[in-house]
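Contents: one structure, followed by commentary.
The values are calculated or read from the model by the stated rules, or taken from the named source; none is laboratory data. Fair warning: this is a prediction, and the values are worked out from it, not measured in the lab. Note: ideal-geometry Cβ built from the backbone for every residue, glycine included; neighbour counts use all protein chains shown.
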Amino acid sequence: MNNKKSDEFNFYEAALVKRTELFKDCSNIVVGDGDLDADILFVGEAPGRNEDLTGVPFCGAAGKNLDKLLNSVGLKRKEIYIANILKCRPPENRDPLPEEIIVHTPWLLKQIREMRPKVVCSLGNYATKFFMALGKIEDMKKMPGITSLHGKVRDINMDGVRFRLIPLFHPAAIIYNRTKLTPLWEEDMEIVKKECLSSFERS
Ligand code: URA
């Protein structure tokens, strides 16, 4: 699959991404997966190798772990939507650079405006800091890390969309620290489920 020349990506936010080195070097743009009408949006960091080859987010080892974790709390991938901070894979899966986050996240914000999720689960440090900093990339460094923020619910208003932010550990981190982090993730997901139920009641 190669979606880089797709006619679908002819809007301003996609044009920003297409000007980046990451776009030139990637095989596919990884836009998102799941149900765009869902109330919950999960946001990861960036595509890895498998995601780059298929164009589907979280389809490699971290994704298999995410599916397992979702199943353990009675959720399926098709009941959520999932996207990333970066739309293209960074070389060797290195950390996203601030200048890359600046040009890739307008597309994520467009998705959020269109989807209007009630709950956003940020997976790991980069996604969490992006939302905590309300999209101000220069403020991301000042934000606390996922270890202190996971499971703590916050009201966020970004681009006129109000949602509850729930930071979660990244599924890849859980692979390396399964015994300690899996129970914490499951506890945090109970909070996610409760937030979704109460937002159904509000709407
Ligand atoms: N890790 C992420 O943060 N996103 C993906 O799509 C895959 C792995």
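Couple of notes before you dig in:
- Looking across the range 64-87 at every residue that is within 11 Å of the ligand (Cβ to nearest atom) and over 24 Å from residue 13 (Cβ atoms), the one that is nearest to the chain's Cα centre (by Cα) is identified as 66.
- All positions within the range 178-200 that are more than 14 Å from residue 42 (Cβ to Cβ) and either hydroxyl-bearing (Ser, Thr, Tyr) or within 16 Å of the ligand (Cβ to nearest atom) (or both): 179, 181, 182, 198, 199
- Failed item, numbered, when residue 44 is tested on (1) within 16 Å of the ligand (Cβ to nearest atom); (2) over 19 Å from residue 166 (Cα atoms); (3) touching a Pro at 6+ places or on another chain (Cβ under 9 Å): (2)
- Matching residues in the range 141-177 - criterion: being closer than 23 Å to residue 117 by Cβ, out of contact with any Leu (no Cβ under 7 Å at 6 or more places or on another chain), touching a residue at least 40 places away in the same chain (Cβ under 8 Å) and within 15 Å of the ligand (Cβ to nearest atom): 172
- Contact map, the range 75-95: residues that are closer than 15 Å to residue 36 by Cβ and hydroxyl-bearing (Ser, Thr, Tyr) paired with residues that are away from the ligand (no atom under 11 Å from the Cβ) and not in a loop (DSSP other than H, G, I, E, B), Cβ distance under 7 Å, separation 6+ or inter-chain. Pairs shown: 81/34; 81/41; 81/115.
- Taken over the range 119-153, the criterion of being closer than 23 Å to residue 198 by Cβ and touching a Lys or Arg at 6+ places or on another chain (Cβ under 7 Å) is satisfied by 119, 153.
- Of residues in the range 112-124 being out of contact with any helix residue (DSSP H, G or I) (no Cβ under 6 Å at 6 or more places or on another chain) and assigned to a loop (DSSP other than H, G, I, E, B), the one farthest from the ligand (Cβ to nearest atom): 116
- Subset tally (residues that are surrounded by fewer than 23 Cβ atoms within 10 Å (Cβ to Cβ) and near the ligand (Cβ under 7 Å from one of its atoms)) for the range 49-61: 1
- Residue pairs whose Cβ atoms lie under 8 Å apart, separated by 6 or more positions or on different chains, with the first residue in the range 44-66 and on the phi > 0 side of the Ramachandran plot and the second within 8 Å of the ligand (Cβ to nearest atom), are 55/30; 58/44; 58/51; 58/82; 58/171.
- Any hit, the range 77-91, residues being surrounded by fewer than 21 Cβ atoms within 10 Å (Cβ to Cβ) and modelled with pLDDT of 95 or more: yes
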